[in-house]
Amino acid sequence: MRKVLVVALGLFLIACGSDEKKKNGEEPKQEETKKPEVKKPTEKELAIMALPEISKLSAEPLIIREDVHEFSEDIQFEEVGVVKGSAEGTHSFLFYVGDDTNLEALSQYTLAVMLYPENPKELAKKDQKKGFMVKSTKCKVMREGKYPVVVFADYPANVTKVKEVKAYLYTKDGILNPKKQKLLIKNFSL
């Protein structure tokens, strides 16, 4: 009986304490649930997400250059990757576009890629004498995941070891910043 009386008295005191807080204008505090902040995408992120996505690659690209190359103040490439192309004896080069790049300006250019193999005999007869081959493609800016990229698809590079690759941008008016160093990539295997 004593135990029941002690329990009843305890409940009475707890109930009175809650009423006393209500009289003083204090509500018992409930835990506030914070909603996770929804980060709105920036204009640049929206523009990138609107770009067409590249088709699925045959493998993870091999990154052959990790340094930023600035063609001009508003056009930079951050990395260059390479992966086997869809056609036999070809490779696709992926030029990852820098954050500060004006995508509209970049799309006005053509990308030229000069490939110098260690063994020039691996080149077509017409290119063996020069020791390199050069191919061009219009800069169509696409995206891989959330990154803007210019893809040089199916570059006909049926070589094993590359001594050097040079890349530059041009229009019908000429090379972009011709006195500036071209993008260089040295010594890698395909």
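When Lys130 is tested against (1) part of a loop (DSSP other than H, G, I, E, B); (2) within 24 Å of the chain's Cα centre (by Cα); (3) of a type outside the set (S, T, N, Q), only condition (2) is not met. Close Cβ contacts (under 9 Å, 6 or more residues apart or on different chains) running from residues in the range 171-190 that are under 20 Å from Asn119 (Cβ atoms) to residues that are in a loop (DSSP other than H, G, I, E, B) and open to solvent by less than 70 Å² (accessible area, probe 1.4 Å) comprise Leu190/Ala157; Leu190/Val159. Residue count for the range 100-127 satisfying the condition of being open to solvent by less than 70 Å² (accessible area, probe 1.4 Å), part of a helix (DSSP H, G or I) and over 25 Å from Val68 (Cα atoms): 3.
Taken together, Lys179, Lys166 contain a single residue that is in a loop (DSSP other than H, G, I, E, B) and of a type outside the set (A, V, I, L, M), which is Lys179.
Please work out if Thr90 is farther than 19 Å from Ile64 by Cα and either of a type in the set (D, E, K, R) or modelled with pLDDT of 90 or more (or both). Here the answer is no, as Thr90 does not meet what is asked.
Per-residue answers, yes or no, for (1) out of contact with any Gly (no Cβ under 9 Å at 6 or more places or on another chain); (2) on the phi > 0 side of the Ramachandran plot; (3) open to solvent by 20 Å² or more (accessible area, probe 1.4 Å); (4) modelled with pLDDT under 90:
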site: Ala50; (1), (2), (3), (4): yes, no, yes, yes
site: Lys56; (1), (2), (3), (4): yes, no, yes, yes
site: Asp67; (1), (2), (3), (4): yes, no, yes, no
site: Glu70; (1), (2), (3), (4): no, no, yes, no
site: Glu73; (1), (2), (3), (4): yes, no, yes, no
site: Phe77; (1), (2), (3), (4): no, no, no, no
site: Tyr96; (1), (2), (3), (4): no, no, yes, no
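Whenever a residue of the range 112-129 is of a type in the set (D, E, K, R), its partners that are crowded, with 17+ Cβ neighbours inside 10 Å and at pLDDT below 90, lying with C-beta atoms within less than 6 angstrom and at least six residues away or across chains, give the pairs Glu122/Val159.
Of these, Val159, Val149, which one is β-branched (Val, Ile, Thr) and over 21 Å from the mean Cα position of the chain (by Cα)?
Values: Val149 fails: over 21 Å from the mean Cα position of the chain (by Cα).
Every option except Val159 fails the conditions.
Counting only residues that are at pLDDT below 90 and open to solvent by less than 70 Å² (accessible area, probe 1.4 Å), which one in the range 157-188 is nearest to Val97 (Cα to Cα)? Looking at residues that are at pLDDT below 90 and open to solvent by less than 70 Å² (accessible area, probe 1.4 Å), I get Ala157.
The values are calculated or read from the model by the stated rules, or taken from the named source; none is laboratory data. Because the structure is a prediction, the values reported are computed rather than measured. Every residue, glycine as well, gets a Cβ built from its backbone with ideal geometry; the counts of neighbours run over all protein chains shown. For accessibility, only protein heavy atoms count, side chains too; no ligands or nucleic acids. Shrake-Rupley method; radii C 1.70, N 1.55, O 1.52, S 1.80 Å.
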